[in-house]
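To start, the structure under review is shown below, and the notes come after it.
The values are calculated or read from the model by the stated rules, or taken from the named source; none is laboratory data. All figures in this text were calculated on a predicted structure; none of them were measured in a lab. Methodologically, a virtual Cβ is constructed for each residue, glycine included, from the backbone with ideal geometry; neighbour enumeration extends over all protein chains shown.
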Amino acid sequence: MGRFIPLSIPNFEGNERKYVDNAIDQGWVSTGGAYITKLEQMMAEYLHVDNVAACQSGTAGLHLALISCGVEPGDMVIVPTLTFIAAVNPVKYQFATPVFMDCDDSLCMNPVKLRKFCEQECRIEDGKLVHSASGKIVKAVVVVHVFGNLADMEAIMKIAEEFHLKVIEDATEALGSRYTEGVFAGKYAGTIGDYGAYSFNGNKIITTGGGGAITAREPKEVDHIRYLSTQAKDDPHFYIHDEVGYNYRMTNIQAALGVAQMEKLPEFVERKHRNYDLYKELFSGLEHGKLLGFREGTYSNQWFYSLELDMNYLKRSLRDIILELQEQGIQTRAIWGLIHEQKPYRDEIAYEMEKAPYYSSCILNFPCSTQITEEEIKIVADAIKNVLA
Ligand SMILES: *Cc1c(COP(=O)(O)O)cnc(C)c1O
């Protein structure tokens, strides 16, 4: 077996083993324990917010955020079509209806189309946004910061305010990304809207194996989400439950990993930048491909790197390019299939799709692990140049 350069793998160079051993030694392995609280505090401090609730996954966090927004059966929620499907599935868990929105050149939600949909397809009635054709109430919008690149939050927050929409930021890929300029200067992804969800899945910038976290503008809402995530238990000694709860709490073993990973997060972000800068240098003058950048006026965590390929000029299909690189021991992938084209979602509204189908057909993601070496980056860049030539 020759060399293999994976797309994105976890990095456990820190205190992970020590803290997990510690959790096991103390017997605190389940949904109680000091590492959970510690991780919540570390995240709150890092993100400059008052309250963070750790949970089982980013998906669970997004589900609880929708519940907290009051999304009920029959409501509508605006979602992106170019995203990982976990950003959308929780809408269905609430028996609500997704409306799919196009992206712009940042790969994130297109605010111009979002406004147009609210203005032309909806009306405001008793302080609520109502979809004219169906009569459904549009309660919320889920905004994904794709690959760690911040969405245009300035535009989106204005629209949300004007049209009475709750904003759930899916910051599962964007822990550490922040605005450096404009009205949100200093604000981190996930702390601008009403709710922000994070993920610690295996390929994210930090990982707990599986896990996530949620924050909200109102600290009380985070308390309520934590309560819902622990079976909505109302009495410390007796089994009294005033609401339907969920088993969505993070475990102490996961949190032990998480605390060690949070200690490394600033360094991971730096490494992502260093590696991106080297790729940028190596890909300058690349034929038939362009390395995508990150939004101006922001400092991104640069979690994933993307090449926009000029498919019209390439002799090979995207699938063949991926397979050929795989044969050389280099793992790459295409961006996601559009969610409105997936079987469970084909009957839903997909609003003026144009950019998302384009980007879905021509984006290539390539190795970006924090521990990738300079030599490996050069090998990857050479291989990609050759395959595109
Ligand atoms: C990873 C991811 C999620 C889900 O997070 P999990 O922790 O895997 O449940 C949701 N949305 C997006 C955009 C993601 O990339």
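Residue-by-condition table, conditions (1) under 19 Å from the mean Cα position of the chain (by Cα); (2) in a loop (DSSP other than H, G, I, E, B):
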{"position": "Leu129", "(1), (2)": "no, no"}
{"position": "Ile159", "(1), (2)": "no, no"}
{"position": "Thr172", "(1), (2)": "yes, yes"}
{"position": "Gly176", "(1), (2)": "yes, yes"}
{"position": "Ala197", "(1), (2)": "yes, no"}
{"position": "Glu221", "(1), (2)": "no, no"}
{"position": "His224", "(1), (2)": "no, no"}
* In the set Arg249, Arg271, which member is touching a Ser or Thr at 6+ places or on another chain (Cβ under 6 Å), of a type in the set (D, E, K, R) and not assigned by TED's automatic domain parsing to the domain that holds Val146? -> Arg271
* **Filter result (touching a helix residue (DSSP H, G or I) at 6+ places or on another chain (Cβ under 9 Å) and over 15 Å from Asp102 (Cα atoms)) within the range 347-369** => Cys362, Ile363, Leu364, Asn365, Phe366, Pro367, Cys368, Ser369
* Would you tally the residues in the range 185-199 being closer than 15 Å to Phe147 by Cα and touching a helix residue (DSSP H, G or I) at 6+ places or on another chain (Cβ under 6 Å)? => 3
* **Gly135 vs. criteria closer than 22 Å to Glu221 by Cα, away from the ligand (no atom under 12 Å from the Cβ) and not in a strand (DSSP E or B)** => no
* Across the range 44-63, which residue is surrounded by the fewest Cβ atoms within 10 Å (Cβ to Cβ) among those that are within 12 Å of the ligand (Cβ to nearest atom) and assigned to a helix (DSSP H, G or I)? -> Thr59
* **Residue satisfying all of: in the range 141-157; small (Gly, Ala, Ser) and part of a helix (DSSP H, G or I); nearest to Tyr46 (Cα to Cα) among these** => Gly148
* Structure fact -> Scanning the range 198-220 for residues that are of a type in the set (Lys, Arg) and within 13 Å of the ligand (Cβ to nearest atom) gives Lys204
* To do: Quick one: in the range 78-99, of everything that is away from the ligand (no atom under 14 Å from the Cβ) and part of a strand (DSSP E or B), which residue is surrounded by the fewest Cβ atoms within 10 Å (Cβ to Cβ)?
  => Thr97
* Assess whether Glu125 counts as being assigned by TED's automatic domain parsing to the domain that holds Lys158, closer than 14 Å to Ile159 by Cβ and at pLDDT 95 or above. => no
* For Ala260, work out the one condition from (1) without any contact (Cβ under 8 Å) to a residue 40 or more places away in the chain; (2) surrounded by 14 or more Cβ atoms within 10 Å (Cβ to Cβ) it doesn't fulfil. => (1)
* To do: Report, by residue number, each residue of the range 8-43 that is assigned to a helix (DSSP H, G or I) and among the hydroxyl-bearing types (Ser, Thr, Tyr).
  => Tyr19, Tyr35, Thr37
* Residues satisfying the stated conditions in the range 165-197, i.e. of a type in the set (Asp, Glu), over 16 Å from Val49 (Cα atoms) and within 14 Å of the ligand (Cβ to nearest atom) -> Asp170, Glu173
* Matching entry among Gly27, Gly32, Gly74 (being surrounded by fewer than 18 Cβ atoms within 10 Å (Cβ to Cβ), among the small types (Gly, Ala, Ser) and without any contact (Cβ under 8 Å) to a residue 40 or more places away in the chain) -> Gly27
